[in-house]
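Working notes, structure below.
The values are calculated or read from the model by the stated rules, or taken from the named source; none is laboratory data. Keep in mind it's a predicted model, so treat the numbers as computed, not measured. So basically every Cβ, Gly included, is an ideal-geometry build from the backbone, and we count neighbours across all protein chains shown. In case anyone asks, the SASA skips ligands and DNA or RNA and just uses the protein heavy atoms, side chains included. Shrake-Rupley method; radii C 1.70, N 1.55, O 1.52, S 1.80 Å.
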Amino acid sequence: MANYETILIEKQEGIAVLTINRPDKLNALNSQVHLEGVAALDDLKEDKDVRVVVITGAGDKSFIAGADISEFAGKTPVTQRAVFQNETLFNSVDTFPKPVIAMINGFCLGGGCELSLACDIRIASENAKIGQPEINLGIIPGGGGTQRLTRLIGEGKSMELILTGDMIDADTALELGLVNHVFSAEDLEEKTLKMAGKIASKSPIALQMAKEAVKTASKATLDEGLRREIDLFAICFSSEDKEEGVAAFLEKRKPEFKGK
Ligand code: COA
């Protein structure tokens, strides 16, 4: 794995923790973070020892305080459109074949909220402040926020957050279904890694099929989604992991999934 300036990667027992490391700028996403993050995810995709990725921000104040606003100055429509149409962290996380958990420690704003929305599960600390404040800059979310937030929490609440630019606290985000769990700042890492570890103990093949099947739900009609689910379900039957899972159940032991 290459050395990066704006991100850190730590691996332990099937889990890779990808930390956005610009704490003095509250981990704002500049183009270097996107470039390095995309490259790191490309490596983690191929790494057989990594079954789950956790994304977080350095320091205890901020997950990600949005796109790096200083890069917006002087951008034209054409250059800005090209930036977001290129391979970004949003796209790389969305299409990443393994589960990705956002561990939200503090400010989770704009592109930070959008990155968390591209993740599969969001776990927040009590001090999290979440929002889409782009409207205050005279722009709108451009990293998937209008689409993914609306699919996750519904049009009315999504509209309110995007039109007011207000930040909400972790408990409100939990009520809205924007985050899955809220823990104290001290417990956040332990609880998140515990869930990541549980997921990492499953069959990587089944995890990939499950993720793709669930993601299909927001993109396809019910009939298309149900057909896709049957195909992905059937693919699991080609794996050694399925034989191992069934045998372990019948033999009353814990399965050992090898990702084959
Ligand atoms: N882009 C670039 N720099 C950012 C940033 C962003 N999105 N968010 C914070 N920073 C920088 C600040 O400019 C400051 O840098 P400096 O020390 O060189 O001046 C540093 O991070 C610390 O931020 P600061 O504003 O001093 O912290 P705070 O605790 O007073 O306020 C926020 C925290 C999150 C409320 C405030 O930084 C903020 O509103 N950030 C922008 C959020 C936003 O609009 N995101 C969407 C972008 S599209």
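Worth pointing out:
- Cα gyration tensor shape of the stretch 164-260, rounded if a/c is under 1.5, else prolate or oblate by comparing a/b with b/c: oblate
- Split the accessible area of the stretch 204-250 by element, probe 1.4 Å, and carbon with sulfur accounts for 65%.
- 3J(HN,Hα) from dihedral phi, the stretch 166-176, Karplus parametrisation 6.51/-1.76/1.60, rounded to Hz, x for glycine, proline: 5, 8, 10, 8, 5, 5, 5, 4, 5, 4, 6
- Semi-axes of the equivalent ellipsoid for the stretch 204-250, Cα gyration tensor, largest first, Å: 24, 10, 8
- When peptides 104-114, 187-197, 53-63 are ranked by their average number of other Cβ atoms within 10 Å per residue, the highest-first order is 104-114, 53-63, 187-197.
- Rounded percent of accessible protein surface that carbon and sulfur make up, the stretch 1-140, 1.4 Å probe: 52 percent
- Degrees, to the nearest 10: 222-236 long Cα axis against longest axis of the chain: 50 degrees
- Relative contact order %, the stretch 160-260, counting alpha carbon pairs below 8 Å whose residues are six or more apart: 22 percent
- With a cut-off of 13 Å on the backbone N, no residue of the stretch 63-95 is near the modelled label site 7 Å out from Ile140 along Cα-Cβ.
- The chain: relative contact order as a whole-number percent, Cα under 8 Å and 6+ apart: 15 percent
- Surface per residue (accessible, 1.4 Å probe) for the chain, Å²: 53 Å²
- Each distinct pair of alpha carbons in the stretch 7-200 adds a 1/r term; the inverse of their mean, the Kirkwood radius, is 16.5 Å.
- Taking a ≥ b ≥ c as the square roots of the eigenvalues of the Cα gyration tensor, the stretch 77-182 is classed as oblate, since a/c reaches at least 1.5 and a/b does not exceed b/c.
- The H on the amide N of Arg22, modeled in the peptide plane, is under 5 Å from the matching H of Asn27, Ala58, each at least 5 residues off or on a different chain.
- Proximal lysines to Lys252, defined as alpha-carbon separation beneath 26 angstrom and excluding residues fewer than eight positions away on the same chain: Lys194, Lys198, Lys202, Lys242, Lys260
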